[in-house]
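The values are calculated or read from the model by the stated rules, or taken from the named source; none is laboratory data. Note that the structure is predicted; figures quoted are calculated from it, not measured. No Cβ is skipped: glycine too gets one built from the backbone with ideal geometry, and neighbour counts run over all protein chains shown. Protein only, heavy atoms only, side chains kept; ligands, DNA and RNA dropped before computing areas. Shrake-Rupley method; radii C 1.70, N 1.55, O 1.52, S 1.80 Å.
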Amino acid sequence: MSLALEAAELPADAIEVGRILDAWGIKGWFKVLPYSASPQALFCSKRWFLQPAEKGAKTFIGTVQLSIKEARDHSDSVVASAHDVPDRHTAEALRGARIFVARSSFPTLEPDEYYWIDLIGLAVVNREGEALGTVSELMSTGPQTVLVVTYDHLGKPAERMIPFVSAYVDAVDLPGRRITVDWQPDY
């Protein structure tokens, strides 16, 4: 089967925001696994860029562009429809595709709001200036987000979890690539 999707160049500011899980319904909708607890980038962007799944069947090659008609929340995932995906058969061919969105199409954040992608890789230090590690990922635990901070403990990688709330986070310095927290190494 050949998909009639428009070949495209991945934007220089593209960020991977999710992947297509499977077809949803019979009218060409598909289910998406977002990589963020708040997938606003998927809802705001009308142009998604897809690349084939890393594993499994490759139903297309290179980068293609999807013109999105609608994307919305659906229980624990997102469902979407696109102009070039008219039926279930075509939607099934997208299974596993990686979804990228241009960073320039992300919604504007309020002060003291951050995209998770911007926090990953930042150094974490406490008020005393002690290095606590580097943010390797973030987890949503329901009422709050938790920084997963990786550090070296006696020559072996270890993790510490720090709630990403104002009670513990003093400052986020994106240009300086640093987060200052009220946290001790032995917590």
How long is the gain from Ala171 to Asp13 if the chain were fully straight, where each residue apart is worth 0.36 nm and the alpha carbon distance is subtracted?
54.3 nm
Rounded to the nearest whole Å², what accessible area per residue is found for the stretch 4-82 with the 1.4 Å probe?
53
FRET efficiency estimate (nearest 0.05) - Cβ-Cβ, Lys27 to Asp84, R0 22 angstrom:
0.95
A chain fully extended from Thr108 to Asp182 at 0.36 nm per residue, minus the present Cα-Cα distance, gains in nm 23.8 nm
Extension length gain for Gln144 and Glu130 (0.36 nm per residue less Cα distance), in nm, is 2.6 nm
Among the lysines, which fall within straight-line cross-link reach of Lys46, defined as a Cα-Cα distance under 25 Å, with same-chain neighbours fewer than 8 residues apart omitted?
Lys27, Lys31, Lys58, Lys69
From the residues Ser140, Ser104, Leu122, which one has its Cα farthest along the dipole of the stretch 98-144 in the positive direction, the dipole being from +1 and -1 charges on Cβ of Lys/Arg and Asp/Glu about the Cα centre?
Ser104
Go ahead and run the numbers for FRET between His74 and Ala123, Cβ-Cβ distance against an R0 of 35 Å, rounding to 0.05.
0.40
Roughly to the nearest percent, how much of the accessible area of the chain is carbon and sulfur, given a 1.4 Å probe?
51
List residues of the stretch 165-182, by number, whose backbone nitrogen lies under 12 Å from a label position 7 Å along Cα→C-beta of Ser38.
none
Not counting ligands, DNA or RNA, and with a 1.4 Å probe, what is Met161's accessible surface area in Å² rounded to the nearest 10?
80
Sort all Cα-Cα distances of the stretch 1-137 into consecutive 10 angstrom bins from zero, then give the percent of pairs in each bin up to the one containing the longest distance.
12, 40, 29, 13, 6, 1, 0
Charge tally in the Cβ shell below 9 Å around Ile117, where Lys, Arg are +1 and Asp, Glu are -1, Ile117 excluded
-1
Taking every pair of alpha-carbon atoms in the stretch 116-158, give the share separated by more than 16 Å as a whole percent.
43
In order over the stretch 123-132: 3J(HN,Hα) from phi, Karplus 6.51/-1.76/1.60, θ = phi - 60°, whole Hz, x for each Gly or Pro, gives 6, 10, 10, 8, 4, 7, x, 6, 6, 9
Over the stretch 131-187, one equal point on each Cα, no solvent: what is log10 I(q)/I(0) by the Debye formula at q = 0.14, 0.30 Å⁻¹?
-0.38, -1.38
Environment charge of Leu147, counting only residues whose C-beta is closer than 9 Å and scoring Lys/Arg +1, Asp/Glu -1:
0
Probe 1.4 Å - accessible area at Ser67, Å² to nearest ten
40
Fluctuation leader among Phe164, Phe100, Phe49 - the chain, Gaussian network, Cα springs under 10 angstrom:
Phe164
How much accessible area does Glu70 have with a 1.4 Å probe, in Å² rounded to the nearest 10?
80
Quick check on the chain: helices-only [θ] at 222 nm, where DSSP H runs of length 4 and up contribute -39,500 (n - 2.57) each and the sum goes over total residues. Nearest 500, please.
-1500 deg cm²/dmol
